[in-house]
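Asker: My structure is below; once you've seen it, I'll send some questions.
What follows is calculated from the coordinates using simple rules that are stated; it is not laboratory data. Worth saying up front: this structure is predicted, and the values here are computed from it rather than measured. Backbone-built Cβ (ideal geometry, glycine too); neighbour counts: all protein chains shown.
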Amino acid sequence: MRSQIYRATYFDASHRLLHYKGKCARIHGHRWRVEVWLEGEADEKTGILVDYAKISEVVERFDHQLILNKDDPLVPILSPYQEVITTEGDPTSERLACSIRKLLDETCAIGGICVQVIKVRVWESETCYAEVTNESC
């Protein structure tokens, strides 16, 4: 049975935009909302496309983390004291959406789950989000 599922989840994390002029150049935090749309063939036996908890597990990797550009000079300073998640370029909501989409692809592939990530939307605030589709990353 062909199915499409949706999951919304949250994580709390800090970041800064190294190449930005303005407030976001300083370390600050957000309550990020992540929305995920997946499509594929549901398992014949269980009727489940992907366990919703699996989606949450992927997103929770970012929870209570500091997310920085891999070239940020703070990375080598802070890494001995806490985990720092790094991104290629500044950790914008656009890049986080793409990272989460790729992690979902990898997690499903490793689990033998054949799905397509239709869309990932990452809300940085109640009024601002970035969205990526399978083709856009």
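Asker: Provide the per-residue ³J(HN,Hα) series for segment 31-42, in order, calculated from phi with Karplus coefficients 6.51, -1.76, 1.60 and θ = phi - 60°, each as a whole number of Hz, with x at glycine and proline positions.
Answerer: Running phi through 6.51 cos²θ - 1.76 cosθ + 1.60 with θ = phi - 60° gives 9, 7, 9, 10, 10, 10, 10, 10, 9, x, 8, 5 Hz.
Asker: 5 Å is the cut-off here: which amide hydrogens, built 1.01 Å from N in the peptide plane, fall below it relative to residue 13, excluding neighbours closer than 5 in sequence?
Answerer: Amide H neighbours of residue 13: 30, 32, 64.
Asker: Would you order 15, 64 from fewest to most other beta-carbon atoms within 10 Å of each residue's own beta-carbon?
Answerer: Ascending Cβ contact count within 10 Å gives the list 64, 15.
Asker: What are the residues whose amide H is under 5 Å from the amide H of residue 118, where those residues sit 5 or more places off or on another chain and H is modelled from the backbone?
Answerer: 37, 38, 39
Asker: Out of [x] 14.4, 42; [y] 16.0, 53; [z] 13.9, 39, which label holds the value of Rg and Dmax of the Cα atoms in Å that was computed here?
Answerer: Given [x] 14.4, 42; [y] 16.0, 53; [z] 13.9, 39, the calculated one carries the label [y].
Asker: If amide hydrogens are placed 1.01 Å from N in the peptide plane, which non-local residues have theirs closer than 5 Å to the one on residue 86?
Answerer: Under 5 Å from the amide H of residue 86: 68.
Asker: Taking only Cα atoms and a 10 Å spring cutoff, compute GNM fluctuations for the chain and point out the largest among 47, 111, 22.
Answerer: 22
Asker: Given +1 on the Cβ of Lys and Arg, -1 on the Cβ of Asp and Glu, and no further charges, what dipole in debye does the chain carry about its Cα centre, rounded to the nearest 20?
Answerer: I would put it at about 400 debye.
Asker: Which residue, chosen from 49, 100, 115, occupies the Cα position most advanced towards the positive end of the dipole of the chain, where the dipole is computed from +1 (Lys, Arg) and -1 (Asp, Glu) charges on Cβ about the Cα centre?
Answerer: It is 100.
Asker: In a shell of Cβ-Cβ distance under 15 Å around residue 73, excluding residue 73 itself, what net charge do Lys and Arg (+1) and Asp and Glu (-1) give?
Answerer: So the surrounding residues net to 0.
Asker: Next question, about the same structure. What ³J(HN,Hα) values, in whole Hz, does the Karplus curve 6.51 cos²θ - 1.76 cosθ + 1.60 give for segment 114-127 when θ = phi - 60°, with x put for Gly and Pro?
Answerer: Per-residue couplings from phi come out as 9, 9, 10, 7, 6, 7, 10, 10, 10, 8, 8, 8, 5, 10 Hz.
Asker: Quickly rank 49-60, 124-135 as a protection proxy: mean count of other C-beta atoms within 10 Å, highest first.
Answerer: Highest mean packing first, the order is 49-60, 124-135.
Asker: Also, quick follow-up: Which ³J(HN,Hα) values, rounded to whole Hz and listed in residue order, are derived for segment 93-110 from phi using the Karplus coefficients 6.51, -1.76 and 1.60 in 6.51 cos²θ - 1.76 cosθ + 1.60 with θ = phi - 60°, glycine and proline given as x?
Answerer: Ordered by residue, 3J(HN,Hα) equals 4, 4, 5, 5, 4, 5, 4, 5, 4, 5, 5, 5, 4, 5, 4, 5, 4, 4 Hz.
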